[in-house]
Amino acid sequence: MHKLIVLSQEVFEAVQHSRPILALESTIIAHGMPYPQNLETALKLEQIARDNGAVPATICIHDGKIRIGCDRDLLEHLASSDQVLKAGTREIPEALASGTTAATTVSGTLHCANMAGIKVFATGGIGGVHRGAGLSFDVSADLTQLSRTPMITVTAGAKAILDVPATLEYLETLAIPVYGFCTDTFPLFYSHFSQYPIRKLVSIDGITTRFKMMQECGITSSMLVCNPVPIESEIPYEEMSGWIEKALEENSHLRGPEITPALLKTIVEKTQGRSLKANIALVESNVKLGAMIAVNLCNE
């Protein structure tokens, strides 16, 4: 194992005994939800992974090391401190060198999980091409990292605040395979259905077989497995689009990494908490699916 990596005891034992491991990001804890819902959600997500046969590996940076697996005290710190850096791949060396506590984004988690040899990652929604990117060039580093990290990434699609058609085009440009789990449309984070078709898979065996084919072919990108928010928890896009437009208008002065957290917070306020409930439901569903995929991949 790399000298910069520290494994939790639970993850260490899983590695020693070749048990399935599921990578989880920490930005959802530090920057994606308010306290204490963020801590409660983090603990529940880890338990969902365990209940479905996988060892959870929540990833962050702390005391100059990449932590693969967090204990309760570290999760509490990530959830409650306002001094936690948001670390994509670019920020990892800075966080390590400075000793800063940092929560990893999708891109940062992918990179760290790959360093540790983990093959499956479950998140909420990936970043993508922001609206107006033709002028701002604001495209999430998540897409670049997905293109160079050989993992299965389970997601509820791209965050609905993005330019979804442009994000799908960019995923195609980067040769990242996109599949829908029991859906033939690209999910829109809070919303189960969309107008954007994708290839449908109906079994976990189908997912792992295709991932193994990617590896045998020497393809080094991630496989994106899109798992829509449970339909009973969704906010239909016809309704959600209005709230998104209002949030974009109110936060139009923001740029860079501060945009997404601010937009999500505004949307929670405008939907009177419904979007937060949908967010929690979708990430719980993704972690369950991710754990099942990790178990299948480990057993083959």
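The values are calculated or read from the model by the stated rules, or taken from the named source; none is laboratory data. Fair warning: this is a prediction, and the values are worked out from it, not measured in the lab. All Cβ positions, glycine included, derive from the backbone under ideal geometry; neighbour counts span all protein chains shown. SASA here: full protein model, heavy atoms, side chains in, ligands and nucleic acids out. Shrake-Rupley method; radii C 1.70, N 1.55, O 1.52, S 1.80 Å.
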Self-check item: Sulfur and carbon atoms: percent of accessible area, the chain [1.4 Å]
Solution: 52 percent
Exercise. Keeping every protein chain in place, order 60, 217 by accessible area at 1.4 Å, biggest value first, i.e. largest first.
Key: 217, 60
Quiz item: Which label marks the calculated value of Cα extents along the principal axes in Å, given the options [x] 50, 42, 35; [y] 59, 51, 35; [z] 67, 49, 35?
Solution: [x]
Quiz prompt | Spatial separation of Cα centroids for the stretch 173-227 and the stretch 237-298, in angstrom | solution = 20 Å
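So what is the accessible area of the chain per residue, in Å², with the probe set to 1.4 Å?
44 Å²
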Exercise. Could you check what % of the DSSP bridge pairs in the stretch 1-115 are antiparallel, to the nearest 5?
Key: 40 percent
Quiz item: Considering only protein heavy atoms, what is the solvent-accessible area of residue 155 at a probe of 1.4 Å, reported in Å² to the nearest 10?
Solution: 0 Å²
Exercise. Tell me, rounded to the nearest percent, the portion of alpha carbon pairs in the stretch 157-234 spaced more than 22 Å apart.
Key: 24 percent
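Using the Cα atoms of the stretch 87-139 to build a convex hull, what is its mean projected area in square nanometres? Let's see the in-between values first.
Working: hull surface 19.0 nm².
Its Cα hull, projected and averaged over all orientations, spans 4.7 nm².
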Exercise. With both partners inside the stretch 161-300, how many of the DSSP beta bridges are antiparallel, as a percent to the nearest 5?
Key: 25 percent
Practice problem: Specify the inter-centroid distance of the stretch 137-171 and the stretch 97-126, based on alpha-carbon positions, in whole Å. | Solution: 15 Å
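Relative contact order, percent, of the chain when contacts are C-alpha pairs under 8 Å separated by at least 6 residues?
Details: 621 pairs, mean separation 58.5, N = 300.
After rounding, I find 19 percent.
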Exercise. Restrict the search to the stretch 199-300; then list the trypsin sites (Lys or Arg not before Pro) that DSSP places in a loop and that have at most 12 other Cβ atoms within 10 Å of their Cβ.
Key: 255
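So what's the back-of-envelope 222 nm ellipticity for the chain, counting only DSSP H runs of four-plus at -39500 (n - 2.57) apiece and dividing by all residues, rounded to 500?
On the way: 13 runs with 139 residues, N = 300.
Mean residue ellipticity, 222 nm, calculated: -14000 deg cm²/dmol.
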Quiz item: Say R0 is 51 Å: what FRET efficiency, to the nearest 0.05, do residue 37 and residue 216 get from their beta-carbon distance?
Solution: 0.75
Quiz item: Pairs 200/265; 159/270; 119/265; 86/212; 86/288; 65/270: which exceed 28 Å Cα-Cα?
Solution: 200/265; 119/265; 86/212; 65/270
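I need the shape label for the stretch 66-117. Rule: rounded when a/c is under 1.5, else prolate if a/b > b/c, else oblate, with a, b, c from the alpha carbon gyration tensor. Don't jump to the answer; show the numbers that get you there.
On the way: a/c = 1.84, a/b = 1.27, b/c = 1.44.
Oblate, since a/c reaches 1.5 and b/c is not below a/b.
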Quiz prompt | the stretch 63-106 - percent relative contact order, Cα under 8 Å, separation 6 or more | solution = 49 percent
Quiz item: Using the Karplus equation 6.51 cos²θ - 1.76 cosθ + 1.60 (θ = phi - 60°), what ³J(HN,Hα) coupling, rounded to whole Hz, does each residue of the stretch 54-59 give in order, writing x for Gly and Pro?
Solution: 10, 8, x, 10, 6, 10
Exercise. Return the long-range amide H neighbours of residue 151 (sequence gap of 5 or more, or a different chain), with a cut-off of under 5 Å between placed amide H atoms.
Key: 222, 223
Quiz item: Using Cα-only point scatterers and the Debye equation, what is log10 of I(q)/I(0) for the stretch 57-185 at each q in 0.09, 0.15, 0.16, 0.17 Å⁻¹, rounded to two decimals?
Solution: -0.28, -0.75, -0.84, -0.93
